[in-house]
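Asks: Can you read through this structure? Questions will come right after.
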Amino acid sequence: MNSAADFTSQDSATRISVGDAITPEGLGASSTPAPEETARYALLLGDDCLILAQRLGHWISRAPELEEDIALGNIALDLLGHARFLLTYAGSAWGKSEDDLAYFRSEEEFRSCRLVEQENGDFAQTIARQLLFSFYTHELYQRLIHSADSTLSAIADKALKEVDYHQDHAAQWLLRLGGGTEESSRRMQNGLEAVWPYLEELFADVEPTAELSKNDIAVLPSSLRENVLTRLTAIIEQAGLRVPDAKGALGADRSGRFSEHRGFILAEMQVLARQHPGATW
Amino acid sequence: MSIKKPELRAVDSPNQPITQDAHEAADDARVGWEHFQQLMEEDKRVEPRDWMPEQYRKTLVRQVSQHAHSEIIGMQPEGNWISRAPSLKRKSVLMAKVQDEAGHGLYLYSAAETLGTSRDEMYQQLYTGKAKYSSIFNYPARTWADVGAIGWLVDGAAITNQVPLCRASYGPYGRAMVRVCKEESFHQRQGWEILYTLSHGTEEQKQMAQDAVDRTYGPALQMFGPPDGDSPNSQQSMAWNIKRFSNDDLRQRFVDMIVPQAEALGLTLPDPELKWNEERGHYDYADLDWDEFFSVVKGNGPLNHQRLAHYRAARDNGAWVREAAAAYAAKQADATRGSALLSA
Ligand SMILES: [Fe+2]
Ligand SMILES: [Fe+2]
């Protein structure tokens with residue numbers, strides 16, 4: 001044990017890593033800086049993953065079963081990985097690191113959607129949130145693989161393989177809870193009702209996304225809507241549950257009008273880093 | 001090697017009249033006993049299907065399940081820092097680590113299950129507070145530096161304890177230990193590296209690191225258990241090739257390992273009597289506070305109640321999920337049977 005450089009390994013047996021052609025560190029060091037608008041898009045995508053990872057991380061040691069501590073931990077780790085790629089790439093436009101962006105932006109500066117900011121609730125509500133987000137990102141990354149921006153395309157390619165598992169995990173639990181006991185079916189339905197109003201925001205054609213989609217750099221959000229809804233409807237009905245008829249909740253378009261939860265999430269996440277500005281960890 | 005010949009019990013209930021079957025079982029047990037004896041003498045592995053003395057089985061179930069419980073409760077102090085980790089990279093490494101500990105719990109519960117005790121039964125023992133787990137986890141992880149100190153000292157002590165357990169006579173336990181040890185050594189390096197970064201950072205960070213080491217050192221040394229004179233079960237475990245070295249031997253080995261590591265960190269260990277003994281070829285260290293240790297074991301540590309309450313809340317909140325999963329699996333099985341009948 002002499003050189004600190006030997007101590008950076010992240011190996012772990014419970015973690016299944018799907019390829020590691022790119023790393024956040026490598027991305028920061030090597031690739032060409034993101035153009036300004038592309039960076040703003042990457043930031044928006046990355047914030048979603050970061051906030052959801054932060055939410056899911058809370059389940060570790062609190063899950064209904066040991067296997068779920070591991071599964072939810074895996075998903076949180078994957079999402080954190082996606083966030084690190086996207087934030088690192090975004091930061092390259094402004095000479096900022098992933099940590100500058102994660103720890104030193106204010107509530108107003110985050111671009112996460114309200115869906116990922118929703119509370120964990122009970123296990124069913126967490127599964128409902130996972131279901132919506134994983135179905136949405138699966139559709140998104142499938143398209144983003146063909147982005148004209150080669151870094152975004154590479155990130156989407158790596159993330160897609162992992163989101164495939166997230167989708168499956170959420171769908172399996174949806175079926176189990178929907179078809180399990182009376183209580184689980186009621187809770188699962190409640191979970192869907194709780195998060196459904198925040199689905200529509202994911203399909204809003206906000207800027208810079210809409211503009212970037214014209215050059216095939218970004219995916220136009222509204223173009224994802226039909227496929228995502230069709231697939232969600234099918235799996236929810238298969239689980240013997242109802243698609244909520246809640247309309248999209250007004251008031252957010254990723255432009256700084258955010259949920260009441262965001263401030264608390266950031267306060268907790270950023271507290272230590274902000275107590276020691278400029279420190280290395 | 002002295003092994004007390006166990007009472008040969010042919011059947012589970014001692015009151016059952018001796019029947020033909022019982023005689024045959026008694027013969028089987030005698031053959032089993034001789035086989036077991038031979039395995040011990042040749043230092044070979046006992047496998048789940050082998051006959052084993054009841055006391056051997058009990059000792060193992062107790063040790064392996066306690067070990068599993070420690071992994072599970074051990075997720076809490078560090079899990080406490082996942083949401084506040086000061087960089088995304090540290091957050092990611094910490095999440096993977098805590099998740100590894102859940103994996104260790106799984107391997108170990110599975111190993112214990114091969115001895116005939118179900119996972120639910122072991123969960124229940126932890127839930128009711130009947131089962132013990134490593135006392136160190138009843139201390140709070142107050143600052144980020146605790147995450148480093150836990151990795152370096154607690155995972156470090158665990159490795160020192162567990163490397164010899166890879167050769168434990170019970171096959172499934174030894175094999176589980178091999179997998180666990182590999183990961184624990186990553187954990188120890190990660191912890192050391194956190195402390196190294198802190199001790200080379202700002203004055204406040206260095207202070208944070210020193211403070212965490214000061215608090216963790218004593219309880220970490222106590223992870224090896226009471227001094228040899230006060231450890232009644234150790235002798236038997238050593239005769240059974242479960243334990244290979246005494247508590248004090250392992251503790252000494254650990255102290256000898258961490259002293260130079262602490263120097264490399266630029267931190268001090270909180271023991272003024274710590275010094276190299278040329279004659280013994282080991283570091284001398286001061287007596288530990290065993291009154292405190294036994295008090296924590298009895299349930300009076302700073303966080304015994306909180307740790308158990310956290311565990312219970314997770315089990316309670318998850319009960320309806322487990323019921324649903326079981327009900328769903330049963331319905332699926334029925335459906336499969338039904339369609340098999342139809343197609344027959
Ligand atoms: Fe462990
Ligand atoms: Fe560990």
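Asks: Can you list the residues of the stretch A:152-195 whose accessible area drops by at least 50 Å² going from the chain on its own to the full set of protein chains, with a 1.4 Å probe?
Replies: Those residues are A:Arg176.
Asks: Mind grabbing the base-10 log of I(q)/I(0) for the stretch B:51-288 at q = 0.08, 0.15, 0.17 Å⁻¹? Debye formula, identical points on the C-alpha positions, no solvent, two decimal places.
Replies: Treating every Cα as an identical point scatterer, log10 I(q)/I(0) equals -0.30, -1.05, -1.30.
Asks: If the convex hull of the alpha-carbon atoms of the stretch A:124-241 is projected onto planes in all directions, what is the mean projected area in square nanometres? Can you show the working numbers first?
Replies: Working: hull surface 27.2 nm².
Approximately 6.8 nm², given one-decimal rounding.
Asks: Divide by every residue of the protein assembly as shown the summed helix terms, -39500 (n - 2.57) for each DSSP H run of at least 4, and state the resulting mean residue ellipticity at 222 nm, rounded to the nearest 500 deg cm²/dmol.
Replies: On the way: 24 runs with 377 residues, N = 625.
Result for the protein assembly as shown: -20000 deg cm²/dmol, rounded to the nearest 500.
Asks: Right, here's the next one. How much FRET efficiency would the formula 1/(1 + (r/R0)^6) give for B:Ala239 and B:Thr128, where r is the Cβ-Cβ distance and R0 is 30 Å, rounded to 0.05? Don't skip to the answer; put the middle values down first.
Replies: Values: r = 31 Å, r/R0 = 1.04.
Efficiency at R0 = 30 Å is approximately 0.45.
Asks: Can you sort B:Met122, B:Met257 by 1.4 Å-probe accessible area, starting with the largest? Walk me through the numbers before you get to the answer.
Replies: Details: B:Met122 0, B:Met257 65 Å².
Largest to smallest exposure gives the sequence B:Met257, B:Met122.
Asks: Using a 7 Å offset from the Cα along the Cα-to-Cβ direction at both B:Ala313 and B:Ser110, what is the distance between the two label points in nm, to one decimal?
Replies: 3.1 nm
Asks: Any chance you could check the Cα centroid distance between the stretch A:135-180 and the stretch B:224-299 for me, in angstrom?
Replies: If you average the Cα positions of each part, the centres end up 50 Å apart.
Asks: While we're on this one: Using a Debye calculation, one point per C-alpha and no hydration shell, please list log10 I(q)/I(0) for the stretch A:31-85 at q = 0.21, 0.26 Å⁻¹ in order.
Replies: Log10 of I(q)/I(0), two decimals: -0.72, -0.91.
Asks: If the only charges are +1 at each Lys and Arg Cβ and -1 at each Asp and Glu Cβ, what is the size of the charge dipole of the stretch B:51-288 around the Cα centre, to the nearest 20 debye? Before the final figure, lay out each step's value.
Replies: Values: 25 positive and 29 negative charges, 185 e Å.
With only Lys, Arg, Asp and Glu charged at Cβ, the dipole is about 880 debye.
Asks: For B:Lys331 and A:Arg274, what is the calculated FRET efficiency with R₀ set at 56 Å and r taken between the beta-carbons, to the nearest 0.05?
Replies: Details: r = 51 Å, r/R0 = 0.90.
Plugging the Cβ-Cβ distance into 1/(1 + (r/R0)^6) gives 0.65.
Asks: From a point 7 Å beyond the Cα of A:Ala210 in the direction of its Cβ, which residues of the stretch A:32-49 have a backbone N at a distance under 16 Å?
Replies: Within reach of a label on A:Ala210, which here means backbone N under 16 Å from a point 7 Å along Cα→Cβ, the stretch A:32-49 contributes A:41.
Asks: Let me ask something additional. Take every Cα pair under 8 Å in the stretch B:51-288 that's 6+ residues apart, average their separations, divide by the length, and report that relative contact order as a whole percent. Walk me through the numbers before you get to the answer.
Replies: Details: 277 pairs, mean separation 42.9, N = 238.
Computed value for the stretch B:51-288: 18 percent relative contact order.
Asks: Of A:Lys158/B:Lys331; B:Lys58/B:Lys91; B:Lys91/B:Lys298; B:Lys206/B:Lys275; B:Lys44/B:Lys182; B:Lys91/B:Lys275, which ones are farther than 29 Å apart at the Cα? Working shown, then result.
Replies: Numbers: A:Lys158/B:Lys331 37 Å; B:Lys58/B:Lys91 39 Å; B:Lys91/B:Lys298 34 Å; B:Lys206/B:Lys275 23 Å; B:Lys44/B:Lys182 23 Å; B:Lys91/B:Lys275 37 Å.
Long pairs (Cα-Cα over 29 Å): A:Lys158/B:Lys331; B:Lys58/B:Lys91; B:Lys91/B:Lys298; B:Lys91/B:Lys275.
Asks: Could you list the square roots of 5 times each eigenvalue of the Cα gyration tensor of chain A, that is, the equivalent ellipsoid semi-axes, sorted largest first and rounded to whole Å? Spell out each step's value before the answer.
Replies: Working: eigenvalues 171, 105, 69 Å².
Sorted largest first and rounded, they come to 29, 23, 19 Å.
Asks: Also, quick follow-up: Using only atoms on other chains, find how many Cβ atoms lie within 10 Å of each Cβ of peptide A:76-89 and report the average.
Replies: Values: counts 5, 6, 0, 0, 7, 2, 0, 3, 4, 0, 0, 1, 1, 0.
For this peptide, the per-residue mean of nearby foreign Cβ atoms is 2.
Asks: In angstroms, what radius of gyration and Dmax does the stretch B:98-173 have, counting Cα atoms only?
Replies: Both quantities, over Cα of the stretch B:98-173: 14.4, 41 Å.
Asks: Averaged over peptide A:48-61, how many Cβ atoms belonging to another chain are found within 10 Å of each residue's Cβ?
Replies: Working: counts 0, 0, 2, 0, 0, 5, 3, 1, 2, 9, 3, 2, 11, 17.
What the average comes to for A:48-61 is 4.
Asks: May I ask for the angle, rounded to the nearest 10°, between helix B:171-199 and the longest principal axis of chain B, with both axes built from Cα atoms and the value confined to 0 to 90°?
Replies: 20 degrees
Asks: What length, rounded to one decimal in nm, is gained on full extension from A:Arg257 through to A:Ser106, with 0.36 nm per residue of separation minus their alpha-carbon distance? Working shown, then result.
Replies: Working: separation 151, 0.36 × 151 = 54.36 nm, distance 1.26 nm.
Gain on extension, A:Arg257 to A:Ser106, equals 53.1 nm.
Asks: Next question. Counting pairs of alpha carbon atoms under 8 Å apart in space and at least six apart in sequence, what relative contact order in percent does chain A give? Write out the running numbers ahead of the final one.
Replies: Details: 370 pairs, mean separation 60.1, N = 281.
Taking the mean separation of contacting Cα pairs over the length of chain A, I get 21 percent.
Asks: To continue, here is another question. Would you mind calculating the gained length between A:Lys161 and A:Ala234 on full extension (0.36 nm times residue separation, minus the Cα-Cα distance), in nm to one decimal?
Replies: Numbers: separation 73, 0.36 × 73 = 26.28 nm, distance 2.20 nm.
Extra length from A:Lys161 to A:Ala234 when fully extended: 24.1 nm.
Asks: Separate question: Name the residue farthest towards the positive end of the dipole of the stretch B:51-288 from the options B:Phe224, B:Leu288, B:Gly171, assuming +1 on Cβ of Lys and Arg, -1 on Cβ of Asp and Glu, about the Cα centre.
Replies: The residue sitting farthest along the positive end of the dipole is B:Gly171.
Asks: How about the stretch B:106-154: which chymotrypsin sites (Phe, Trp or Tyr not before Pro) there lie in a loop by DSSP and see at most 15 other Cβ atoms within 10 Å?
Replies: On the way: sites: B:Tyr107, B:Tyr109, B:Tyr123, B:Tyr127, B:Tyr133, B:Phe137, B:Trp144, B:Trp152; in loops: B:Tyr133.
Sparse-neighbourhood loop chymotrypsin sites (Phe, Trp or Tyr not before Pro): none present.
Asks: Nearest 100 Å² is fine: how much accessible area is buried between B and A, summed over both sides, with a 1.4 Å probe?
Replies: Numbers: alone 18540 and 13780 Å², together 27160 Å².
Chains B and A together bury approximately 5200 Å².
Asks: Kindly express, to the nearest 10 degrees and within the range 0 to 90, the angle between helix A:66-91's C-alpha long axis and the longest C-alpha principal axis of chain A.
Replies: Once rounded, the angle reads 50 degrees.
Asks: Still on this structure, please answer the following. Would you mind computing Rg(Cα) / (2.2 N^0.38 Å) for the stretch A:183-281, counting N as its residues? Show your work: numbers first, answer last.
Replies: Numbers: Rg = 18.3 Å, N = 99, 2.2 N^0.38 = 12.6 Å.
In units of the globular-protein estimate, the stretch A:183-281 measures up at 1.45.
Asks: Calculate the spin-label point distance for A:Ser150 paired with B:Leu342, positioning each point 7 Å from the Cα along the beta-carbon direction, and give it in nanometres.
Replies: 5.4 nm
Asks: Taking the Cα centre of the protein assembly as shown as origin, work out the dipole magnitude from +1 charges on Lys and Arg Cβ and -1 charges on Asp and Glu Cβ, in debye rounded to 20.
Replies: Dipole magnitude for the protein assembly as shown comes out near 780 debye.
Asks: Here's another thing I want to ask about it. On a 0 to 90 degree scale, rounded to 10, what angle separates helix B:20-41 from the longest Cα axis of chain B?
Replies: 30 degrees
Asks: A follow-up question, please. Name the most mobile residue of B:Ala329, B:Ala96, B:Ala25, meaning the one with the largest mean-square fluctuation, in a Gaussian network model of chain B with Cα contacts below 10 Å.
Replies: It is B:Ala329.
Asks: Run the quick spin-label model on B:Glu273 and B:Met257: label points 7 Å from Cα toward the beta carbon, then report their separation in nm to one decimal.
Replies: 2.3 nm
Asks: Scaled to the compact-protein estimate 2.2 N^0.38 Å, what is the alpha-carbon radius of gyration of the protein assembly as shown, rounded to two decimal places?
Replies: Values: Rg = 27.3 Å, N = 625, 2.2 N^0.38 = 25.4 Å.
Its radius of gyration relative to the 2.2 N^0.38 Å reference: 1.08.
Asks: If you roll a 1.4 Å probe over chain B with all protein chains in place, what percent of the accessible area is carbon or sulfur? Intermediate values should be presented prior to the final figure.
Replies: Numbers: 8100 of 15950 Å².
Summing carbon and sulfur atoms, their accessible area is 51 percent of the total for chain B.
Asks: Quick one: accessible area per residue over chain B, 1.4 Å probe, rounded to a whole number of Å²? Intermediate values should be presented prior to the final figure.
Replies: Numbers: 15950 Å² over 344 residues.
Ligands and nucleic acids excluded, the figure is 46 Å² per residue.
Asks: Which of A:Leu115, A:Trp173, B:Ser343 sits closest to the plus end of the dipole of the protein assembly as shown, meaning its Cα is farthest towards the positive end, when Lys and Arg get +1 and Asp and Glu get -1 on the C-beta?
Replies: B:Ser343
Asks: Report the net charge of residues surrounding A:Pro35, where surrounding means a beta-carbon distance below 13 angstrom and charges are Lys +1, Arg +1, Asp -1, Glu -1. Before the final figure, lay out each step's value.
Replies: Numbers: positive: A:Arg40; negative: A:Glu36, A:Glu37, A:Asp149, A:Glu211.
That sum, taken over residues with Cβ under 13 Å, equals -3.
Asks: Also, I was wondering about something else. Can you pull the mean other chain C-beta count within 10 Å for peptide B:322-332?
Replies: Numbers: counts 5, 5, 16, 10, 3, 7, 10, 2, 1, 3, 3.
The mean count of partner-chain Cβ atoms within 10 Å per residue comes to 6.
Asks: Would you work out the charge dipole size for the stretch B:84-145 about its Cα centre, treating the Cβ of every Lys and Arg as +1 and the Cβ of every Asp and Glu as -1, and quote it to the nearest 20 debye?
Replies: Working: 9 positive and 5 negative charges, 110 e Å.
Value, rounded to 20: 520 debye.
The values are calculated or read from the model by the stated rules, or taken from the named source; none is laboratory data. Given the structure is predicted, the values throughout are model-derived calculations rather than measurements. Counting neighbours? That spans all protein chains shown, and the Cβs are built from the backbone with ideal geometry, glycine included. Side chains included, ligands, DNA and RNA excluded: accessible areas come from the protein's heavy atoms. Shrake-Rupley method; radii C 1.70, N 1.55, O 1.52, S 1.80 Å.
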